[in-house]
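To keep things clear, I will list the structure first and then write my remarks on it.
Coordinate-derived values only; no laboratory data. It should be emphasised that the depicted structure is a prediction, and the values quoted were computed from it without experimental measurement.
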Amino acid sequence: MKLLYTTVFCLLFAFPAMAQEEEVPYSEQPALDKPLMERYIMDELKSLRQDQQDLERRLTISFTDRELAVADKSLNYANVTVTYFFYLIAGAASLIALVGWQSLKEIKVNTKKMADQQLQEITEQYEKKFQMLERDLKRKTRIIAQNNKEIEIINEVHNLWLRAQSSQTAEQQMEVYDEILKLRPGDLEALTHKADAAMEIREFHWALSICNRVLEVDGTNANALYQRACAYACLGAEEQAISDLERAIQGSAFLIELARDENDFESLHGHERFDQLISHHHD
């Protein structure tokens with residue numbers, strides 16, 4: 001029995017030590033493998049969508065309240081204007097009757113004619129104002145709808161970038177980049193990453209074609225120049241590869257650190273221009 005207690009006691013103290021030796025430090029764990037990190041990202045996206053919906057609701061209420069306030073003020077102004085107008089007409093009619101300029105029948109006809117004309121002018125003015133208000137409200141509603149659609153696209157593109165980062169193979173990454181390009185045709189960042197994936201599967205001509213598409217739009221895109229330099233190097237066009245690498249480093253100096261360890265530039269080592277480029281930036 002004493003031997004049994006001794007064995008259990010040793011196991012209890014040895015097990016935590018073994019677990020502690022196998023545990024990976026929290027700071028060295030990948031960001032997406034940390035506890036609750038994925039849940040945190042999804043909660044942030046959900047909160048963003050809820051905030052956008054709340055903003056749309058508050059904007060709609062605000063526009064409606066403003067439209068009702070303008071309509072109320074307009075009707076009140078029209079009522080006051082017409083009331084004062086008839087007071088003036090009544091005073092003028094009384095004065096004319098006393099002086100005897102016109103008969104009562106003529107005063108009645110002229111008064112009705114003037115009143116109809118004035119009311120017609122007031123009606124036309126407020127119709128124009130309401131038409132302008134309606135056009136402005138439709139324009140703002142259209143802008144809000146466009147903004148909502150853009151936010152949905154941004155959220156979807158963000159999720160796709162997360163998928164691309166977690167993809168295990170270059171082929172899977174390229175499928176995700178194609179989905180991003182469907183949502184945002186001509187996205188230069190997605191095209192550049194697609195070229196990088198093409199280089200990983202050793203499709204050099206394909207990568208070269210993608211880089212050319214990017215550089216046709218942005219001739220100083222450092223990442224596209226770097227990827228094209230890699231493609232040229234693998235295809236044996238050393239001078240063109242070094243020229244693109246020089247331009248890429250001019251646009252983003254940190255790329256020189258990647259170039260020193262880049263396997264695609266293995267054929268360039270020993271080339272005078274390439275060695276000078278690396279040694280110059282290294283110094």
Looking at segment 156-255, what % of the alpha carbon pairs are farther apart than 23 Å?
-> 24 percent
Using only the Cα atoms of segment 197-241, each taken as one equal point scatterer with no solvent, compute I(q) by the Debye sum, divide by I(0), and report log10 of the ratio at q = 0.25 Å⁻¹.
-> -0.82
